[in-house]
Amino acid sequence: FTRAAELGNADAHYRLSLLYHNGKGIEKDGGKEMYHLKEAAIGGHPEARYGLGIGEWNNGNTERAVKHWIIAAAQGSDDSIQLLLEKFRSGFVSKEDLAAALRAHQAAVDATKSHQRKVAEIATYPGKN
């Protein structure tokens, strides 16, 4: 994953962050974990953005956490939508922010369905279409 991350691959950065977090096959390193998590989030990785939100929440930065989850939701993160709903119910997310996140999430899901799934279906079942 290291070479791919050096080349800017967001998924590789995310996977490296998990390795540094868990210490599997590599020494645990919180600094490297956060570096790779941030790089993955900047690269558009929704789970990384969600993870940054969790970290901010745990550090008491509720507004920053919500912003991360809104961005992740707009990238299609179902986990972020669930957390935003939970935090809305407990008063940490405004109705307007939740509504915007839900619309953006749906748009991301629809965009994925329309093109990527069609390509996958054609590749998987070439004679079907």
(message) Can you give me the accessible area per residue for the chain, using a 1.4 Å probe, in Å²?
(response) 64 Å²
(request) Rounded, prolate or oblate: pick one for the range 4-77, where a ≥ b ≥ c are the square roots of the eigenvalues of its C-alpha gyration tensor, a/c under 1.5 means rounded, and failing that, prolate if a/b is larger than b/c, else oblate. (result) oblate
(message) Within 13 Å, Cβ to Cβ, of K87, how many net charges do the neighbouring residues add up to if Lys/Arg are +1 and Asp/Glu are -1?
(response) -1
(message) Suppose the chain between D79 and E63 were pulled fully straight at 0.36 nm per residue; how much longer would it get relative to their current alpha carbon spacing?
(response) 4.0 nm
(message) Using alpha carbons only, how many angstrom separate the centre of the range 50-76 from the centre of the range 1-38?
(response) 19 Å
(message) Can you tell me which aspartates and glutamates have their Cα less than 17 Å from the Cα of K38? Leave out same-chain residues fewer than eight positions away.
(response) E6, D11, D29, E47, E56
(message) What is the percent carbon and sulfur in the accessible area of the range 1-98, measuring with a 1.4 Å probe over the protein chains and ignoring ligands?
(response) 48 percent
(message) If I compute Cα extents along the principal axes in Å from the structure I just sent, which labelled value in (1) 53, 43, 21; (2) 56, 40, 23; (3) 53, 33, 22 lines up?
(response) (1)
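The values are calculated or read from the model by the stated rules, or taken from the named source; none is laboratory data. Quick caveat, the model's predicted, so the values are computed rather than measured. Positions of Cβ are backbone-derived with ideal geometry, glycine not excepted, and every protein chain shown enters the neighbour counts. For the accessible areas, the whole protein counts, side chains as well, though only heavy atoms, and no ligand, DNA or RNA atoms are used. Shrake-Rupley method; radii C 1.70, N 1.55, O 1.52, S 1.80 Å.
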